[in-house]
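Peer 1: Below you'll find the structure I mean.
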Amino acid sequence: MTSAVAGPPDTEDEQRREDPVARDVLPAPEGASPALLRSLLAPVRGRVRLTVVLLLLQQAAVQAGPLLVAYAIDRAVPAVRRGDHGPLTAIGAAYLGCAVASGLLQLAFVRVSARAGQDVLLDLRGRIFRHAQALGIDFHERYTSGRLVSRATTDVENLRELLNDGLQELLGIIASVLLVSATLLWLDWGTGVAAVVSFVPLALAVRAYRRRSLDVHRRRSTATAALIVKFTETMNGIRPVQAFRREAANEAHFDELNRRHRRTNAAATIAMGRYVLTARALSNTALAAIVVWSAHRVATGSLELGVLAAAVLYLRRLYDPLDQLGMFLNSYQSAAASLEKIAGLLAQHPSVPEPAAPRPLPARPAGRPGREVVFEATRFAYRTGGEVLPRFGLTLAAGRTVAVVGSTGAGKSTLAKLLARFHDPTEGRVLLDGVPLGDLSTAELRRNVVMVTQEAFLFSGTIADNIAIGRPDAGRADVERAAKAIGAHDFIAALPDGYDTDVRKRGGRISAGQRQLVSFARALLADPAVLILDEATSSLDIPGERAVQRALRTVLRGRTAVVIAHRLSTVEIADRVLVMEDGRIVEDGTPAELTSGGGRFAELHRAWRESLA
């Protein structure tokens, strides 16, 4: 065996430098963002096509106006002078019809596109939530919840703005440019060609703005996520923040992040302003040049006055959307940066993937408690290279309670996480009744292996709801029976609403020890074959710990149990004790055997007895 070396990076800064996940840089395969967008639009493909048709028809109705003006000047006005009001009446009716049709088509477009956009966002939020839940514990230990919140809120909101407003702007600009250019070419070839040629420098300006703004929006998205992370972490840790007077330091750090966010927003605004200024200068210059040239042609008789009037109106409609194009590009680049980050998140693979062909566990023989656990040539190291558990082998007999003790950092919790399959071994296998954990479906594994951690996490809701998480189909009688078995019934019954008492955020309405008792009841209700207690009694006071220990003697019977303990009082209920140091098992025996020896456990036990005295 090789000796264990250091675990993961000790400081957050070191981890961020070494781990792209911690730096909020989640690399995605080439083309992941377009592929994600295509998959999101696939279910609403029919409605997207309908919106395109509606918008084209709406633009056709809008762009018919200048043509009617040209016809009125060159045909209807002369007819009126001759006493014929029919053409002018027809043009007025046509103009009114186009206006009404444009409004109705716009309404239909907004309704269809809004519903399609909301369905896309609904799908995307669901994907982010489901995928985040499926990713391994190692990912969540490195990628903060604040960044996940940013992906599911700020980044999705950026996409919402693009889908709700940007889609209409883009399609409207494209339709307007194509229809106006085609109409100008049909009205007068020379004016149409001049208008098309004037778009070349404008296209170059758009291209330059796109290149500059994408990097700006990437940095803005990262800065926004950093703000959310800091705010979330501070509010979740508000008790230690106030207890250790971290308010000033946190405020200084938040101010720095806030200023960085302001700088990135200012950079985006400046880039947008430069584009708008350039686009307006180019379009106004082109418009003035074309109007002067066309007016000269009217004066020489080579161009009709009505065509000039229509051309001026069309040219304004051709160039005016350039400001809207800038707004669209601003939304697009922001959404592209957000989509890139979301695609990077969704491209992450679970470190403990679901097996392609799950295997069932063998049926337990009648009368045999628990299940056998075997660590077969198992080794575990962090992705950054720090080895925690050198190669070892270990068999835990079915129905036995095994206590694992040792100093902080000895590898006890890592051993428990391998058994719960929160991590997969770097080498070797962990087997449950001869079946590798990696071959079990997640549902099968969680039915048979339950872990109670040191930090008892309760969800907002009633105590009964929190206990019933262990078995959602359990009735109230089952919930109360589990609470009584663990010794939690008395304090629950004393609460204002008993089992229906709302524990509020993170269970803040009850004490840490009471939260731990509730989590014990939750695990017992699940009735697993293997129960892991990872320092689960460390937050209990002496009376609470004694109550739990009395209950554990009964509830651990009939199942395999692994108890990770700092308090040696918990070890007394174990059939077997493992002592770990530097990732190795250095002692193995019954509590009595190890206590009577002269090894590490005997020293720990003696020190514990002295502390009680």
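Peer 1: Quick one: work out the % antiparallel among DSSP beta bridges in the chain, nearest 5.
Peer 2: Of those bridges, close to 50 percent are antiparallel.
Peer 1: Only helices at least 20 Å long along their axis, Cα-based, and averaging 1.6 or more on Kyte-Doolittle count here, so list those DSSP H runs from the chain.
Peer 2: Long hydrophobic helices here: 167-187.
Peer 1: So between Ala42 and Glu256, what do we pick up on full extension, going 0.36 nm a residue minus the alpha carbon distance?
Peer 2: That works out to 72.9 nm of additional length.
Peer 1: Suppose all protein chains stay in the model; what accessible area per residue would a 1.4 Å probe give for the range 397-486, in Å²?
Peer 2: For the range 397-486, the solvent-accessible area averages 40 Å² per residue.
Peer 1: If you don't mind, another one. Sequence neighbours fewer than 8 away in the same chain don't count; with that in mind, list the aspartates and glutamates whose C-alpha is under 20 Å from Lys484.
Peer 2: In chain and number order, the partners are Asp465, Asp473, Asp497, Asp500, Asp502, Asp527, Asp541, Glu545.
Peer 1: May I ask you to derive the FRET efficiency for Ala397 and Asp490 from their Cβ-Cβ distance with R0 = 30 Å, giving the value to the nearest 0.05?
Peer 2: Once the sixth-power term is evaluated, E becomes 0.30.
Peer 1: So, one more: If you take the alpha carbon radius of gyration of the range 351-506 and divide it by 2.2 N^0.38 Å, what ratio comes out, to two decimals?
Peer 2: Taking N as the residue count of the range 351-506, the ratio is 1.23.
Peer 1: While we're looking at this one, here's another question. For the range 566-607, report the accessible area per residue in Å² (1.4 Å probe, heavy atoms, rounded to an integer).
Peer 2: Roughly 47 Å² per residue, with all protein chains present.
Peer 1: I would also like to ask the following. Starting from 0.36 nm per residue, how many nanometres of slack lie between Glu30 and Thr590 once their C-alpha separation is accounted for?
Peer 2: That works out to 196.0 nm of additional length.
Peer 1: Find the all-direction average of the projected area of the Cα convex hull for the range 424-499, expressing the result in square nanometres with one decimal place.
Peer 2: Quarter of the Cα hull surface area: 7.2 nm².
Peer 1: Defining a contact as two alpha carbons under 8 Å apart and six or more residues distant in sequence, what relative contact order in percent does the chain show?
Peer 2: Result for the chain is 16 percent.
Peer 1: How much of the accessible area of the chain, in percent, comes from carbon and sulfur atoms when a 1.4 Å probe is used?
Peer 2: Of the solvent-accessible surface of the chain, carbon and sulfur hold 58 percent.
Peer 1: Also, I was wondering about something else. Taking the structure as given and computing log10 I(q)/I(0) by the Debye sum over Cα atoms at q = 0.06, 0.12 Å⁻¹, which label from (1) -0.51, -1.27; (2) -0.33, -1.56; (3) -0.34, -1.37 fits?
Peer 2: Answer label, from the structure shown: (1).
Peer 1: Follow-up. Over the range 130-264, with the other protein chains present, what is the accessible area per residue in square angstrom, probe 1.4 angstrom?
Peer 2: 54 Å²
Peer 1: How much FRET efficiency would the formula 1/(1 + (r/R0)^6) give for Glu427 and Trp189, where r is the Cβ-Cβ distance and R0 is 45 Å, rounded to 0.05?
Peer 2: Calculated transfer efficiency: 0.05.
Peer 1: Can you give the extra length, in nm with one decimal, that the chain gains between Glu603 and Asn265 once fully stretched, where that is 0.36 nm per residue apart less the Cα-Cα distance?
Peer 2: Between Glu603 and Asn265, full extension yields 115.6 nm more.
Peer 1: Give me the aspartates and glutamates in straight-line cross-link reach of Lys230: C-alpha distance below 14 Å, same-chain residues under 8 apart excluded.
Peer 2: Those aspartates and glutamates meeting the cut-off are Glu12, Asp24, Glu247, Glu251, Asp255, Glu256.
Peer 1: Quick check on the range 204-362: take the gyration tensor over C-alpha atoms, sort the square-rooted eigenvalues as a ≥ b ≥ c, and tell me if it's rounded (a/c under 1.5), prolate or oblate.
Peer 2: Cα axes put the range 204-362 in the oblate bin.
Peer 1: What aspartates and glutamates could a cross-link reach from Lys412, if we take a straight Cα to Cα line under 12 Å and drop same-chain neighbours fewer than 8 places away?
Peer 2: Asp534, Glu535, Glu581, Asp582
Peer 1: Put a dot 7 Å past each Cα toward the Cβ at Arg49 and Arg557; how far apart are the dots in nm?
Peer 2: According to this spin-label approximation, the distance is 7.0 nm.
The values are calculated or read from the model by the stated rules, or taken from the named source; none is laboratory data. Only a predicted model underlies this, so the values are computations on that prediction, with no experimental measurement involved. When we count neighbours, we look across all protein chains shown, and the Cβ atoms used for this are built from the backbone with ideal geometry, even at glycine. Note: accessible area is taken over every heavy atom of the protein model, side chains too, but ligands, DNA and RNA are not part of it. Shrake-Rupley method; radii C 1.70, N 1.55, O 1.52, S 1.80 Å.
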